[in-house]
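Novice: Sharing a structure below in structure tokens format, with a few things to ask.
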Amino acid sequence: MSFPVPDILMPPLALLAAATILALAWRIRGQARALHNAIRSRDRALAAEQAAIRTLRLTAIELRTPAMTLLGYADRLTQVHPAGADGDLAVHSAAIAGGAMAVLNLADELQDHAVGSPAARVLRPEALALLPMLRDSIVAIDATLGPSRRHWRLAPDLAAIRLHVDRRALTQILARALGNAARLSRDRDWIDIRAVPNQDGLTVVIEDEGAGLPACLDMAPSPAAHPASRGFGLGLALARTLMTAHGGALTVESTSQVGSRVMLSFPPASVVAGREAA
């Protein structure tokens, strides 16, 4: 049953309806403007991300050329002056080769980093003994230190540990973590490496008694605040990305002038043997 609207009420009702329509139109216009701005911001962010990826890829390509050149010179030095003929020259050529390989590895990591998320990385896991890979990384790092040396102390239980991981990725993880400890410490300092089992798998702990990291891993270290810190943030960030790709984690604890502790946490699925021994 309908009731007729008095003529006297028609103008106010018409004004109210018009005001309501205008308010809705204004709100819709505001939401459309906000959506347009959000789309433009997204497009700018995507363009910036693509530019950063292109920069990473170009940087990786540019790094490979001088690294390969240095490797060639190191090989020629070794051929002209074999080990034993000139001990110092052999050490220097090994240091050049080690530094060149480090640059090549960094180029590979930058290329992988440009892929995007850790899930996008192609991993080829296999059962690997941890101790030989630690020793290989230590030899490579010692070669880059020149006359400076570090005392590496490896816990005996590391010999029993086998991990189901990607060989190339683990090599890069160890190179970044151990290299960080070597660069932050001083000549003749001790660096301890041990394994700690837990309910979430196994953690490899690397402790040094050096200067400590100047900033946390999520922040780019400032060379002005700590001139010797260049490259640490990137190296550990790349290592952490590789650990994440394996379902693990990389964490850092550091105290200035006391030392730092890098912890590589592997999930249970990555631990083949040695957890009980550790």
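Rule-based calculations on the coordinates, nothing more; no lab input. The shown structure was predicted, so the numbers you read here are calculated from the model rather than taken from an experiment. Positions of Cβ are backbone-derived with ideal geometry, glycine not excepted, and every protein chain shown enters the neighbour counts.
Novice: Label Gln111 and Val139 with points 7 Å out from Cα along Cα→Cβ: what is the distance between them in nm?
Specialist: 2.5 nm
Novice: Let me ask you something else. Give me the distance in nm between label points sitting 7 Å out from Cα along the Cα-to-Cβ direction at Asp75 and Thr255, one decimal.
Specialist: The answer from the label model is 4.8 nm.
Novice: Continuing with the same structure: Quick one: length gained pulling Arg149 to Ala129 fully straight, 0.36 nm per residue minus the C-alpha distance? Walk me through the numbers before you get to the answer.
Specialist: Values: separation 20, 0.36 × 20 = 7.20 nm, distance 2.53 nm.
Roughly 4.7 nm would be gained on extension.
Novice: Could you order the peptides 155-162, 138-145 from most to least packed, using the average number of other C-beta atoms within 10 Å per residue? Show your work: numbers first, answer last.
Specialist: On the way: 155-162: 16.5, 138-145: 18.1.
My ranking of the peptides, most packed first, is 138-145, 155-162.
Novice: Next question, about the same structure. Quick one: P(r) of region 129-193 from all Cα-Cα pairs, 10 Å bins, percents rounded to integers, in order of increasing distance.
Specialist: Here the calculated profile for region 129-193 is 20, 55, 23, 2.
Novice: I would also like to ask the following. Using 0.36 nm times the number of residues separating Arg29 and Leu89, minus their current alpha carbon distance, what extension gain do you get? Present the calculation step by step, with values, prior to reporting the outcome.
Specialist: Numbers: separation 60, 0.36 × 60 = 21.60 nm, distance 7.43 nm.
Full-extension gain reported as 14.2 nm.
Novice: Hey, rough spin-label estimate for Asn198 and Thr55, points 7 angstrom out along Cα→Cβ, what's it come to in nanometres?
Specialist: Roughly 3.5 nm, to one decimal.
Novice: Sorting check: for 175-182, 38-45, 246-253, which peptide has the highest mean count of neighbouring beta carbons within 10 Å, and how do the rest follow? Don't skip to the answer; put the middle values down first.
Specialist: Details: 175-182: 24.0, 38-45: 10.0, 246-253: 18.2.
Sorting 175-182, 38-45, 246-253 by mean packing, highest first, produces 175-182, 246-253, 38-45.
Novice: So for each of 188-195, 10-17, 201-208 I average, over its residues, the number of other beta carbons within 10 Å; can you give me the resulting order with the highest mean first? Don't skip to the end; give the middle numbers.
Specialist: Values: 188-195: 17.2, 10-17: 9.8, 201-208: 20.2.
Result, highest mean first: 201-208, 188-195, 10-17.
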